[in-house]
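Read-outs throughout are calculated quantities, based only on the coordinates presented, and are distinct from any laboratory measurement. Small disclaimer: the values here were computed from a predicted structure and weren't measured. Cβ placement follows ideal geometry from the backbone for every residue including glycine, while neighbour counts extend to all protein chains displayed.
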Amino acid sequence: MIEKNGKVVLITGANKGLGKEIARQLGGLGYTVVLTARDEEAGQVVVDALCAEGHDAHAVRLEVTNPEHIANVATYLEEKFGKLDVLINNAGISLEWDGQPSDVDKLRRTLEVNTIAPFAITERLIPLLAKSEDARVINHSSGLGSLTTAENAWDQVSDFMAPGYSSSKAALNMITIIHHKRLAPQGIIVGAAHPGWVKTDLGTSAAPTEVADGAKTVVSMVTVARDAFPAAQMTHMGKRLPW
Ligand SMILES: NC(=O)c1ccc[n+]([C@@H]2O[C@H](COP(=O)([O-])OP(=O)(O)OC[C@H]3O[C@@H](n4cnc5c(N)ncnc54)[C@H](OP(=O)(O)O)[C@@H]3O)[C@@H](O)[C@H]2O)c1
């Protein structure tokens, strides 16, 4: 039996990939994990597996671009837990690594999921986060959103820097700073994580990092002492990355 620590974590897009693994690792540490998935059944399959291992896990349906779903998640958390300690904005997409040129539709769809949705979800959950004594928001960003890397190391990243994906994460980084500055006075601290290049559906099988290691950056941002949290920064395995 895993001893619960009383902290509630919401992880978006946790039916597979990094979100699912972050849920598994945090559940093992005693956190109550609320997984969201746009496919309700897929979320429940993960929850059933985690509960069978002794975790305190729950699933809620969330298509991150749907305002009604976001409102339902807030109501669910309010009624079931009365607070939220950690929000992990993890759900993300990349539509541009198919060898085809990007286009306006891909750019718009990517920004909707990777940038606008995390902003909307965080805004909606502020009242519940404000009820926590140690509220944290972690945005799953990417080194591919680094302006400095685009400027200084273009040759190394040019195959992966895409207009939609990279600009969606660069914008998410700016939202991370702005949310931290605005929300810290209410006790809500905000940071951005880069997981590495990780073997998931998004990262592909060519990635060098196993998902268990890729989850560690976010997990450490949840568990680290509050005064050591990398607020208003993008970090990877405890190291600050350039914006
Ligand atoms: N893997 C890497 O190398 C890497 C590197 C840097 C950053 N990241 C970031 O890490 C995060 C997780 O990525 P991953 O590698 O774990 O990718 P993944 O395995 O493809 O998982 C992505 C998750 O996001 C969900 N999602 C996508 N669009 C959604 C929507 N509109 N509404 C609700 N959920 C949605 C997916 O749900 P469905 O199953 O329903 O599609 C899935 O659960 C992303 O933000 C990604 O940008 C990953």
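Placing a label point 7 Å from the Cα of Ser205 along the Cα-to-Cβ line, no residue of segment 28-72 has its backbone N under 13 Å from it.
Length gained on full extension, Thr75 to Phe119: 14.0 nm, using 0.36 nm per residue less the C-alpha separation. How many percent of DSSP beta bridges within segment 8-241 run antiparallel, rounded to 5? Taking every DSSP beta bridge within segment 8-241, about 10 percent pair in antiparallel fashion. With the largest listed first and rounded to whole Å, the semi-axes of the equivalent ellipsoid of the chain from the Cα gyration tensor are 27, 19, 18. Ranked by how many other Cβ atoms sit within 10 Å of their own Cβ, fewest first, the residues Trp154, Trp197 fall in the order Trp154, Trp197. Among Met237, Met1, the ranking by other beta carbons within 10 Å of each residue's beta carbon, starting with the fewest, stands as Met1, Met237.
In the chain, the calculated helix contribution to ellipticity at 222 nm averages -12500 deg cm²/dmol per residue, counting -39,500 (n - 2.57) for every DSSP H run with n ≥ 4. Modelled this way, with points 7 Å down the Cα-to-C-beta line, the labels at Thr148 and Glu53 are 3.5 nm from one another. Among Met234, Met161, the ranking by other beta carbons within 10 Å of each residue's beta carbon, starting with the fewest, stands as Met161, Met234. Legend: distances between Cα atoms for Lys169/Lys199; Lys4/Lys169; Lys20/Lys131; pairs beyond 22 Å are Lys4/Lys169; Lys20/Lys131.
Taking square-rooted eigenvalues a ≥ b ≥ c of the alpha carbon gyration tensor, is segment 42-84 rounded, prolate or oblate, where a/c under 1.5 means rounded and, failing that, a/b exceeding b/c means prolate? Since a/c reaches 1.5 but b/c is at least a/b, the shape of segment 42-84 is classed as oblate. Applying 1/(1 + (r/R0)^6) with R0 = 25 Å to the Cβ-Cβ distance of Lys181 and Arg240, what FRET efficiency is obtained, to the nearest 0.05? It comes to 0.90. Partners of Lys7 within straight-line reach, counting aspartates and glutamates whose Cα lies under 16 Å from its Cα and excluding those fewer than 8 residues away in the same chain: Asp56, Glu78, Glu79, Asp85, Glu133, Asp134.
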